[in-house]
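Asks: There's a structure below that I have some questions on.
The values are calculated or read from the model by the stated rules, or taken from the named source; none is laboratory data. Everything quoted here is computed from the prediction, not taken from an experiment. Here the Cβ positions follow ideal geometry from the backbone for every residue, glycine too, while neighbour counts run over all protein chains shown. Note: accessible area is taken over every heavy atom of the protein model, side chains too, but ligands, DNA and RNA are not part of it. Shrake-Rupley method; radii C 1.70, N 1.55, O 1.52, S 1.80 Å.
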Amino acid sequence: CDLMGKGEDAKLIKFLAAENIPATIFVCGEWVDKNSAVLKKLAANPIFEIANQGVLRKAGSVNGKSAGTVVGAGNVEELFTEIEQNARKIESLTGVLPQYYHSGSGYYDEVAVRIVNALGYEALGSFIRFPQETGIDKKQVLEALMNPASGAIAIFGGVSLQASFVEGVIEAVRKLRSKGYKFVKVSDYPLE
């Protein structure tokens, strides 16, 4: 949820914009509260689409189950609030209700997926995993990104948005584009 701040995350967004590379940007409530002007600017750029990462980035559970260090919602009402409150906050600032939801850590139990769908959103996970420790080097990023499966989704955020990680992403994107790979927003790709 640190995306689009003043550090390496801003460098990544500037690169994507300068290179006209579409992206779906997931934002959490805390970030939205602190960066409403930036959110409006991002939402106005047609290469970006804004998506929901929940109010507090909780794991998608209804019984408090954590996913790694990410705490899960404790019950149905808490998960509902986690999703819907942030979606409506995004809508109030951008004029568009986000279609996609990515829970903290990308974890969902079966009930959580049904809740997300009942609210009219699509639950997304990430298909490219990165080490969660600090000190991720450029080589690890390149190894993870250079042979993606068709339709692969990579979620960048938190510890991954350090200088070596962002440098690796930028290099990988340039290499993948030169090999003919196409980057799209989630809404541009049919989900099945």
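Asks: With both bridge residues required to lie in the chain, what share of the DSSP beta bridges run antiparallel, to the nearest 5%?
Replies: Around 10 percent of the beta bridges assigned by DSSP in the chain are antiparallel ones.
Asks: Treat every Asp and Glu Cβ in the chain as -1 and every Lys and Arg Cβ as +1, leave all other atoms uncharged, and give the resulting dipole magnitude about the Cα centre to the nearest 20 debye.
Replies: Dipole about the Cα centre, nearest 20: 620 debye.
Asks: Could you identify which residue out of 104, 120, 180 has the top mean-square fluctuation in a GNM of the chain using Cα springs shorter than 10 Å?
Replies: 180
Asks: Now for a different question. Keeping to pairs on different chains or 8 or more places apart, tell me how many lysine pairs in segment 6-82 have Cα atoms under 28 Å apart.
Replies: So the count of such lysine pairs works out to 16.
Asks: 222 nm [θ] for the chain, helices only, -39500 (n - 2.57) per DSSP H run of 4+, per residue, to 500?
Replies: Theoretical 222 nm ellipticity from helices: -12500 deg cm²/dmol.
Asks: Next question. Grab the beta carbon distance between residue 66 and residue 164, set R0 = 30 Å, and tell me the FRET efficiency rounded to 0.05.
Replies: The pair residue 66/residue 164 has a calculated efficiency of 0.60.
Asks: Pick out, from 39, 62, 22, the residue whose Cα sits farthest towards the positive end of the charge dipole of segment 6-74, with +1 on the Cβ of Lys and Arg and -1 on the Cβ of Asp and Glu.
Replies: 62
Asks: Points 7 angstrom from Cα along the Cβ direction at residue 92 and residue 33: gap in nanometres?
Replies: 1.2
Asks: May I ask you to give the percent of accessible area on segment 1-79 that is carbon plus sulfur, with a probe radius of 1.4 Å?
Replies: 52
Asks: Show the residues, 5+ positions off or on another chain, whose built amide H is closer than 5 Å to the amide H of residue 50.
Replies: Amide H neighbours of residue 50, under 5 Å, 5+ apart: 25.
Asks: Starting from the Cα of residue 118, step 7 Å along the direction of its Cβ; do the same at residue 183; then give the gap between the two resulting points in nm.
Replies: For residue 118 paired with residue 183, the spin-label model returns 3.7 nm.
Asks: In addition: Roughly what would the spin-label model give for residue 77 and residue 10, points 7 Å off Cα along C-beta, in nm?
Replies: Here the answer is 4.1 nm between the modelled labels.
Asks: Can you figure out the FRET efficiency of residue 110 with residue 47, using R₀ = 25 Å and their beta-carbon distance, to the nearest 0.05?
Replies: About 0.15, to the nearest 0.05.
Asks: Related question: Please give me the summed charge of the neighbours of residue 94: other residues whose Cβ is under 12 Å from its Cβ, Lys and Arg +1, Asp and Glu -1.
Replies: +2
Asks: Now for a separate question. Provide the packing ranking of 58-65, 169-176, 16-23, i.e. peptides ordered by the mean count of other C-beta atoms within 10 Å per residue, highest first.
Replies: 58-65, 169-176, 16-23
Asks: Give, as a single signed number, the net charge of other residues whose beta carbon lies under 15 Å from the beta carbon of residue 115, with Lys and Arg counted +1 and Asp and Glu -1.
Replies: Charge balance in the 15 Å sphere: -4.
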